[in-house]
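**Student:** Have a look at the structure that comes next, please.
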Amino acid sequence: MKKTLLAGVSASFLTVLAASAAHAQSIDYGAMEQLFNEPVTTSATGSPQRSTEVPVAMEIISADDIKRSGAVDLPTILSRVAGLDVLNWGAGASDVSVRGYDQAMSPRLLVLINGRQVYLDHYGYTAWATLPVQLSEIRQIEVVKGPNSALFGFNAVGGVVNIITQNPKFDSAGSINLTGGTNGYGELSIVKSVKLGDRFFARLSAGAAQMDEYKNTTTVPASALTDPARVTANIDTITQLTDKTELRVEGAWSNVQVSEVVSNYDYSPSKYVTTSVKATLASDTKLGMLQASVYQTNLTAKQIVVRQPARFENKITVASVQDLFKIGAKHTFRIGGEYRENEVNTAPLAGGEVRYKVAAVSGMWNWAISDKLALTVAGRYDSLDLSREGTFPAGYPPVGNDYWDRSIEEASYNAGLVYRPTQADSFKLTAARGVQVPTLVDLGAVQLRATAGPFTVGVIGNPGLAPSIVTNYEVGYERTLPGLNAKAGVSVFTQKTEDVKGQPTSSQIDMMPAGPGILPLLSYRNIGDSKMWGVELTASGKITGGYRWSGDWTFTDVDNEAAAGFSPLIRLADFSATTPEVRGNVSFGWSNADWSADVFAHYTGDHKGYISAAAPALVDIDGYVTLGGRVARSFDHGITLAVSGQNLTESRQRQTSGLEVERRAFVTLSKTW
Amino acid sequence: MSKRNTRGAVALCALTLVAAPLSVAHADAAKDIQVAGRALTFLENGPTGKATLGVVFDPSKPASVAEKNAVMAAIGGGMSAGAVTLTAKPVEASAVSGVSGVAALYVTTGVNVGAAAKAKKLITIGSDTSCATSGNCVMSVSADPKVEIVVNRAAAASVGAVFKAAFRMMIREV
């Protein structure tokens, strides 16, 4: 199979050599956006596309949207995107998902900054506070709804959030923001771009924030909570090596502490340190737009897992190459390859190291069949080799490290047909298959002993765990209404998740003791399938006089299809119960030369949430409405004074099974230059 | 909400959407010129700073003259469009072979100067899509209701115009 694929890649390269030259340049998002009067993106297919023409369900949050949101964190901004669910566990920790399936340490949403993964691979989730990016340096946030594994690889199954920062080569950035707020909130951030001559460009940013954790009105042990704080720094440089070749080097660091909810729904006072370095060489050649990148991310995560301190040291190294080129007038292609190494130690019980290596090839073909019809097909094949080394804790079954010698080989695809019968109407028909690979923790990095009633049990990862396969089909229609200066859309989608991952639970022993002195074991298991269908309605527009408005409503219906012998409820995977059927947003805003005012209302319908308990249990979460907003006054010399708020409807609101979310207000003084 | 009600609501919304008024968009010379100017910056070795657009018209055609007047008025003393600041000068169709000092020609509707422009190696831009699809223009641009850019590859090659690869992937080529 691999030989066949490599042969295919070789043939593609020969095709490229035969193709006409495609002299290319780097993508200037700002210039493209101004030209086409809409955002552009590469997050749908890897090729630059206008947001209205991408063959996936996507929303793009602009820098202006971010500024006007009044939000101080990314999850709050994302909560206002149609179809996104956000579980706010604390003042600095949230989990985000697309169209349901949200959970503690939500694994289905892949998050990246400029294409560099900030999703934490070892445990399979995103600790949003660790993202080394200041809100003021973000050009746009691209939100893909549904699987996009064919471009991004494993774990882009529920959706993708790709955060695009300002480009130091094209965007001149300079800002300082000072925010103070209720609940002890304080934040300072600085962003500055510099140009040295005609060939070196850099953007530097740094920020620090601290806040009080929400008041503990529940049964969460005080020792499981900590006041959130974060310090992050980032450097992004571009060196123009030749007129058509550039080297981009990005470095990032974050040091964070938060009260978060780990996958068994216990609170943990967690600490993270992340460092990442990425180098990307991009060149416009006769063979197309060639790009080679390599990055390494090191993570230290200190968490409390089943009341035991766990320290994970995770190292991810990713190298990739791709070529993007157009043949003739109607065919655009992308071919690529990626190699990834991912390793982490076992914890809380040390002694082992689990790692995998992934080799992948991918390709994309966009065919402009006519001026009204375009077809895109993308595919990717991943081959993962798992291994383990080190010792095993006493009381564990007598298996060797070779038990972990296992391969996972999976293909993923994205296909989309975009039909635009008029300049106002756009139909999309998409199909996708995404792969959610078991995390290193699932596969064996977690090792602990715990008491379950009078017994002592062991918890261990399961190297035989199968990937979850998410298949999604969607039909969408969008109509621009120039007479109303508005647009509106409707989407219907259906999704199936095969081999849903269930968590270890003391309510079900997975491996009985094989002999004297051997512990009964709890582990991760594939517990069956899950189906979802839903509908999404969106509308937005502008009204003469500086007014703007938007509204959306998303319905989802999730059904568990458990395998024999498994209960989604006790495996902490009862997504039918934990996914609200309805969520929606309404916003209204107004601006003139000096003033800007926006208000955002969000509704999440009734659902259930897991509570931390001896045995998994669900509690009712009543539907709730949140209100946020911002009023800002701009002054000369780039100075802006803004007052903003979140969760304004109640002083304390129950949004999850955890801490109650508190009303917060902020005052921000900013200067741009 | 029951599933039956949900489906009913969706059907109602879809019907409302389809039935919503779609007013006829009118060509806006200023917007079209903005698109034209910005598109020129995506040429390899494209213009930066000040660039003059020759506005080609046929004095015997009132519609062409009216469009020329609208374009000249829109550009006025100078129009900023991305990395370029456009100025304009009127050029009669019969005088294209002798034109000089222009970065590109903006061809009003109903005028064909393809051959003369090719001889001068000048990029031609029209607001009428058929100008590009027929090969009479290198590029056609329109801003409303949605920015549409069409590039004729043969016409571009004949005047030596090479657009950047990323730009080519986002427009319609014929």
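**Student:** Looking only at residues that are among the β-branched types (Val, Ile, Thr) and modelled with pLDDT of 95 or more in segment B:142-158, which one is farthest from the chain's Cα centre (by Cα)?
**Tutor:** B:Val151
**Student:** While we're on this one: Going by the conditions given, is B:Val111 modelled with pLDDT under 95 and within 14 Å of chain A (Cβ to nearest Cβ)? Before you say what the answer is, go through the steps one by one.
**Tutor:** On the way: modelled with pLDDT under 95: yes; within 14 Å of chain A (Cβ to nearest Cβ): no.
No, not satisfied.
**Student:** Can A:Gly545 be described as surrounded by fewer than 17 Cβ atoms within 10 Å (Cβ to Cβ), more than 22 Å from A:Ala431 (Cα to Cα) and small (Gly, Ala, Ser)? If you could, list the steps in order and put the result at the bottom.
**Tutor:** Numbers: surrounded by fewer than 17 Cβ atoms within 10 Å (Cβ to Cβ): yes; more than 22 Å from A:Ala431 (Cα to Cα): yes; small (Gly, Ala, Ser): yes.
Criteria met by A:Gly545.
**Student:** How about segment A:24-59: which of its residues are at pLDDT below 90 and in contact with a helix residue (DSSP H, G or I) (Cβ under 6 Å, 6 or more places away or on another chain)?
**Tutor:** Result: A:Ala24, A:Ile27.
**Student:** Also: Consider A:Gly458 carefully, then state whether it is modelled with pLDDT under 95 and part of a strand (DSSP E or B). Spell out the reasoning first.
**Tutor:** Numbers: modelled with pLDDT under 95: yes; part of a strand (DSSP E or B): yes.
Criteria met by A:Gly458.
**Student:** Could you list, in sequence order, the residues of segment B:132-174 that are surrounded by fewer than 21 Cβ atoms within 10 Å (Cβ to Cβ), more than 12 Å from chain A (Cβ to nearest Cβ) and of a type outside the set (Ser, Thr, Tyr)?
**Tutor:** Hits for segment B:132-174 are B:Gly135, B:Val159, B:Gly160.
**Student:** In addition: Run down A:Asp510, A:Asp499 and say which single residue is at pLDDT 90 or above, among the acidic types (Asp, Glu) and more than 21 Å from A:Phe154 (Cβ to Cβ). Working first, answer last.
**Tutor:** Details: A:Asp499 fails: more than 21 Å from A:Phe154 (Cβ to Cβ).
Criteria check complete, one pass: A:Asp510.
**Student:** Another question about this same structure. What are the residues in segment A:213-251 that are farther than 30 Å from A:Thr297 by Cβ and assigned to a loop (DSSP other than H, G, I, E, B), if any? If you could, list the steps in order and put the result at the bottom.
**Tutor:** As a first pass, look at segment A:213-251 and keep what is farther than 30 Å from A:Thr297 by Cβ: A:215-222, A:243.
Within segment A:213-251, A:Lys215, A:Asn216, A:Thr217, A:Thr218, A:Thr219, A:Val220, A:Pro221, A:Asp243 meet the criteria.
**Student:** Among the candidates A:Arg199, A:Arg248, A:Arg203, single out the residue that is of a type in the set (Lys, Arg), touching a residue at least 40 places away in the same chain (Cβ under 8 Å) and within 21 Å of A:Ser136 (Cα to Cα). Spell out how you get there, then give the answer.
**Tutor:** Details: A:Arg199 fails: within 21 Å of A:Ser136 (Cα to Cα); A:Arg248 fails: touching a residue at least 40 places away in the same chain (Cβ under 8 Å).
That would be A:Arg203, the only listed residue that is of a type in the set (Lys, Arg), touching a residue at least 40 places away in the same chain (Cβ under 8 Å) and within 21 Å of A:Ser136 (Cα to Cα).
**Student:** Can you say whether B:Thr129 is without any contact (Cβ under 8 Å) to a residue 24 or more places away in the chain and surrounded by fewer than 19 Cβ atoms within 10 Å (Cβ to Cβ), as far as the supplied structure shows? Explain how you work it out, then say what you get.
**Tutor:** On the way: without any contact (Cβ under 8 Å) to a residue 24 or more places away in the chain: yes; surrounded by fewer than 19 Cβ atoms within 10 Å (Cβ to Cβ): yes.
Yes, satisfied.
**Student:** Output the residues belonging to segment A:309-326 that are more than 11 Å from chain B (Cβ to nearest Cβ) and of a type outside the set (D, E, K, R).
**Tutor:** Of everything in segment A:309-326, those that are more than 11 Å from chain B (Cβ to nearest Cβ) and of a type outside the set (D, E, K, R) turn out to be A:Pro309, A:Ala310, A:Phe312, A:Asn314, A:Ile316, A:Thr317, A:Val318, A:Ala319, A:Ser320, A:Val321, A:Gln322.
**Student:** Within segment A:618-673, restricting attention to residues that are touching a Gly at 6+ places or on another chain (Cβ under 6 Å) and part of a loop (DSSP other than H, G, I, E, B), which residue is surrounded by the fewest Cβ atoms within 10 Å (Cβ to Cβ)?
**Tutor:** So, considering only residues that are touching a Gly at 6+ places or on another chain (Cβ under 6 Å) and part of a loop (DSSP other than H, G, I, E, B), the one surrounded by the fewest Cβ atoms within 10 Å (Cβ to Cβ) is A:Trp673.
**Student:** Looking at A:Ser491, A:Ser468, A:Ser426, A:Ser506, which is the one that is more than 30 Å from A:Arg380 (Cα to Cα) and of a type in the set (Ser, Thr, Tyr)? Don't jump to the end; show me each part of the working.
**Tutor:** On the way: A:Ser491 fails: more than 30 Å from A:Arg380 (Cα to Cα); A:Ser468 fails: more than 30 Å from A:Arg380 (Cα to Cα); A:Ser426 fails: more than 30 Å from A:Arg380 (Cα to Cα).
Of A:Ser491, A:Ser468, A:Ser426, A:Ser506, the one residue that is more than 30 Å from A:Arg380 (Cα to Cα) and of a type in the set (Ser, Thr, Tyr) is A:Ser506.
**Student:** Here's something else I'd like to know. Scan A:Ser550, A:Ser523, A:Ser530 and give me the residue that is under 23 Å from the mean Cα position of the chain (by Cα) and away from every other protein chain (no Cβ under 13 Å).
**Tutor:** On the way: A:Ser550 fails: under 23 Å from the mean Cα position of the chain (by Cα); A:Ser523 fails: under 23 Å from the mean Cα position of the chain (by Cα).
Result: A:Ser530 is the single residue among A:Ser550, A:Ser523, A:Ser530 that is under 23 Å from the mean Cα position of the chain (by Cα) and away from every other protein chain (no Cβ under 13 Å).
**Student:** Residue by residue through segment A:96-110, note down the ones that are in contact with a helix residue (DSSP H, G or I) (Cβ under 8 Å, 6 or more places away or on another chain) and either of a type in the set (Ser, Thr, Tyr) or assigned to a strand (DSSP E or B) (or both). Don't jump to the end; show me each part of the working.
**Tutor:** Filtering segment A:96-110 for residues in contact with a helix residue (DSSP H, G or I) (Cβ under 8 Å, 6 or more places away or on another chain) gives A:96, A:100-103, A:110.
Within segment A:96-110, A:Val96, A:Tyr101, A:Leu110 qualify.
**Student:** Please determine whether any residue of segment A:563-585 is away from every other protein chain (no Cβ under 14 Å), touching a residue at least 40 places away in the same chain (Cβ under 8 Å) and part of a strand (DSSP E or B).
**Tutor:** Yes, the conditions are met somewhere in segment A:563-585.
The values are calculated or read from the model by the stated rules, or taken from the named source; none is laboratory data. For clarity, every value in this text was computed on a predicted model and none was experimentally measured. Here Cβ is always computed from backbone atoms with ideal geometry, including for glycine, and neighbour counts include all displayed protein chains.
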